[in-house]
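The values are calculated or read from the model by the stated rules, or taken from the named source; none is laboratory data. What you see is a predicted model, and the numbers here were worked out from it, not measured in a lab. Note: ideal-geometry Cβ built from the backbone for every residue, glycine included; neighbour counts use all protein chains shown. Just the protein is used for accessible areas: all its heavy atoms, side chains included, with ligands, DNA and RNA removed. Shrake-Rupley method; radii C 1.70, N 1.55, O 1.52, S 1.80 Å.
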Amino acid sequence: MRVILIIVAAVLAVPVMVGLVGGWESTDGGQVAVVRDGGPLDDNKVRQVIQPGSGLTWTGWWSAVHTYPAQQRFYTITADAKRATALGVDVVTVPSSDGVNLGIEGTLYFTLNLDPATLKTFDDRYGTRTYKGELYAWQGDEGWSAFFGQAVRPVVDNALRIQVGGMRCAELVPSCALLGSSTLKAQDSNATIAKVQDGVNRTLARDLAATLGGEYLTGLRFTLAKVALPEPVQQSVDRSLAANAAVSEAQARVAQARAEAEANRARQDGYDKCPACAEIEKLRALPKGITVYAPGNPQAVVIPSR
């Protein structure tokens with residue numbers, strides 16, 4: 001009987017020790033933790049929020065700890081594999097108001113709202129479901145990226161479509177003015193890009209809170225890095241630039257020929273007025289070492305050696 005009691009006590013002690021040892025949690029400076037009750041007699045509600053840089057904190061028996069990024073994060077939309085985030089290489093393609101598909105690249109900066117009440121609501125809504133790859137938002141960078149790609153990225157795409165879709169191609173890419181269908185002159189795109197960025201930031205601040213159901217992301221700032229033309233359109237622009245360069249080169253050659261002709265006429269006019277000057281110029285133009293100069297003259301002209 002004593003052996004049976006010892007075995008039963010040991011069996012009961014194992015989960016108790018596991019719950020005791022696992023009931024402590026700490027966070028570093030870049031993490032915030034939402035703790036949910038998880039004991040056999042508990043509900044699954046949020047128990048507490050552990051702020052960044054905390055010491056060892058008691059979280060209760062068998063509680064679940066959801067850890068989220070507490071520092072500023074950024075999400076990059078780019079075609080450059082070296083700059084891409086965990087979601088990989090991608091570009092937002094948005095048609096301009098005159099029908100040119102523009103590839104938009106940029107970076108969105110943001111920070112998770114660390115207010116405890118807001119974090120509790122966020123975890124209720126987005127920390128208890130899985131995203132692409134059956135990942136939770138609190139499962140490291142991959143989990144957070146999966147949440148971002150499914151819940152936030154569509155709002156970013158829509159904000160870019162709203163702002164960029166109201167612009168003509170030449171307003172964002174000056175070389176679009178070289179296309180035959182464009183009625184706009186090439187212009188400085190910096191002011192337009194700044195306008196697009198401001199519009200995207202205002203739209204995101206409004207639409208993200210409405211779409212997600214709360215102001216869970218703060219410090220939103222989008223930076224537009226690049227507006228690219230589709231390859232066929234870019235090739236057309238390149239051909240136009242090459243043609244313009246060829247025209248400019250030909251015009252330069254014509255201007256040079258006219259200048260040379262004008263100089264020759266002026267030179268000849270001077271020679272007509274001063275025949276001796278013409279002979280002097282001829283003598284100066286002779287190669288070194290020539291001692292006799294007799295162009296069709298039976299009487300040779302002897303030139304002293306130089």
(request) Enter the accessible area of K195 (Å², nearest 10), with the probe set to 1.4 Å and all protein chains included. (result) 130
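So, for the stretch 118-219, what is the accessible surface per residue at a probe of 1.4 Å, expressed in square angstrom? Intermediate results must be reported in sequence, preceding the final value.
Working: 4890 Å² over 102 residues.
Value returned for the stretch 118-219: 48 Å² of accessible area per residue.
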(request) Quote the accessible area belonging to Y136 in square angstrom, nearest 10, computed with a 1.4 Å probe and with ligands, DNA and RNA left uncounted. (result) 70
(message) Could you give the length gained by full extension between A117 and D198, i.e. 0.36 nm per residue of separation minus their alpha carbon distance, to one decimal place?
(response) 26.2 nm
(message) Could you give each residue of the stretch 96-105 its phi-based ³J(HN,Hα) in whole Hz, using Karplus coefficients 6.51, -1.76, 1.60 with θ = phi - 60°, and x for Gly or Pro?
(response) 6, 5, 9, x, 9, 6, 10, x, 9, 10
(request) Could you rank E105, E262, E25 by how accessible they are, 1.4 Å probe, largest area first? (result) E262, E25, E105
(message) Going by amide H atoms built from the backbone, whose H comes under 5 Å of the H on V92, apart from near neighbours?
(response) I104
(message) Explain nothing, just compute: Karplus ³J(HN,Hα) = 6.51 cos²θ - 1.76 cosθ + 1.60, θ = phi - 60°, for every residue of the stretch 126-135 in order, whole Hz, x for Gly and Pro.
(response) 10, x, 10, 10, 9, 10, 3, x, 6, 9
(message) Under a Cβ-only charge scheme (Lys and Arg +1, Asp and Glu -1), can you give me the dipole magnitude of the stretch 89-175 about the Cα centre, in debye to the nearest 20?
(response) 200
(message) With a 1.4 Å probe and all protein chains kept in place, how much accessible area does R206 have, in Å² rounded to the nearest 10?
(response) 140
(request) Measure off 7 Å from each Cα along the Cα-to-Cβ vector at A225 and C274, then give the distance between these two points in nanometres to one decimal. (result) 6.8
(request) For D124, D90, write out the residues from largest to smallest accessible area, computed with a 1.4 angstrom probe and no ligands counted. (result) D124, D90
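Kindly rank 207-214, 57-64 from highest to lowest mean number of other beta carbons found within 10 Å of each residue. Don't skip to the end; give the middle numbers.
Details: 207-214: 15.2, 57-64: 17.9.
Descending mean neighbour count gives 57-64, 207-214.
Let me have the relative contact order for the stretch 114-169, percent, based on Cα pairs under 8 Å that are six or more residues apart.
Working: 31 pairs, mean separation 10.5, N = 56.
Value for the stretch 114-169: 19 percent.
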